[in-house]
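The structure appears right after this line, and notes come after that.
The values are calculated or read from the model by the stated rules, or taken from the named source; none is laboratory data. Not measured: the values here are computed from a predicted model. FYI the Cβ positions are ideal-geometry reconstructions off the backbone, even for glycines, and counts take in every protein chain you see.
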Amino acid sequence: MKIDKVMNNNVVSSVDEDGQEIIVVGTGIGFQGKEGKPVDEKKIQKIFRLEDPKMIRKLKEVLQDLPMEQFEISTAIIEHAKQSLGTELNENIYVTLTDHIHFAIQRYEDHMNFPNPMLREVRLFYEREFALGEYALGMIQQKLGITLPLDDAASIALHIVSAEFDTRVRDTLKITAFLEDVMEQVKNYFHLEIDTQSLSYERFITHLKFLSRKLFGTERMDDVNNDVQEMIRKIFPEEYECARFIQCFIRKKYEKNMTEAELAYLTMHIERIRKNSIEKGEEDV
């Protein structure tokens, strides 16, 4: 592997065996480096092979003047998130999260604090990812002595969610708003309080996340047998009408149409969460 261009003391660009441009990061890896000179493999900490040329350009911009310590913190957070969630994350998170942390630190140094309007929703709907956001704030505090506000834990969580489900952050924000909207519609329809610590709530949110990705994506849910759908409508008439109400709400606000299968599955999840609330005496009857 040879140096194609030295970006700074810690970052160089090169070309892999397939002729694809790669970004190589490591403490001192670009120091006294020159074009055509072999990359010191002992200093390599991370090699980026991003397929999107736009992300390669963005990565170069982010790493150009980035303190190495901030990159190491971001990388450590991402690796911890992978282990904690037990899944791979879209490689673009090395660009988006590193850029966010760098910007957040700049805002801190300039005494600028912007509240995250989605803090409550992120904390509620993405519990594991929000915990990782708090972990990230703790690491930044430990390594840099900088105390970022809890709002940044929510922002970091959204970047992790986006990388987890391979969506853009703005799409993740849309999905988060969708979860809040549907949950409010169910609560208002039946005048109930929902136990956010219950298993039925966790299942409901998981289903809504799945539904939202179907609605805002191109892939739709497999259809159900007409007899099964009719059975669900007859067994759970009130919940089915609630699901129909939500179907109309989604069509009006988001301009998305739920399939009959999605309507049936939503009915069953509404029944579960309503039953749990009734058992706990939390429905206003």
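Points worth noting:
- With respect to the conditions (1) under 13 Å from Ile270 (Cα atoms); (2) modelled with pLDDT under 85, Phe190 lacks only one, and its number is (2).
- Residue ranges of helices (runs of 4 or more DSSP H) in the stretch 89-202 with at least 1 members closer than 28 Å to Ile273 by Cα: 119-125, 127-144, 150-164, 169-190
- Filter result for Leu85 (buried (at least 19 other Cβ atoms within 10 Å of the Cβ), within 21 Å of Thr172 (Cα to Cα), touching an Asp or Glu at 6+ places or on another chain (Cβ under 8 Å) and modelled with pLDDT of 90 or more): no
- Only residues that are hydroxyl-bearing (Ser, Thr, Tyr) and over 15 Å from the mean Cα position of the chain (by Cα) were counted in the stretch 129-187, giving 2.
To keep it simple, each residue is scored yes or no on (1) touching a residue at least 24 places away in the same chain (Cβ under 8 Å); (2) over 30 Å from Glu69 (Cβ atoms); (3) hydroxyl-bearing (Ser, Thr, Tyr).
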| site | (1), (2), (3) |
| --- | --- |
| Phe125 | yes, yes, no |
| Glu134 | no, no, no |
| Gly145 | no, no, no |
| Ala163 | yes, no, no |
| Val169 | yes, no, no |
| Asp181 | yes, yes, no |
| Ser200 | yes, yes, yes |
| Arg203 | yes, yes, no |
| Lys214 | yes, yes, no |
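- One residue from Leu144, Leu119, Leu59 being crowded, with 21+ Cβ neighbours inside 10 Å and of a type in the set (A, V, I, L, M, F, W, C): Leu59
- Unique residue being surrounded by fewer than 16 Cβ atoms within 10 Å (Cβ to Cβ) and either free of Cβ contacts under 8 Å to residues at least 40 places away in the same chain or under 24 Å from Arg168 (Cβ atoms) (or both) when the list is Phe71, Phe103, Phe48: Phe103
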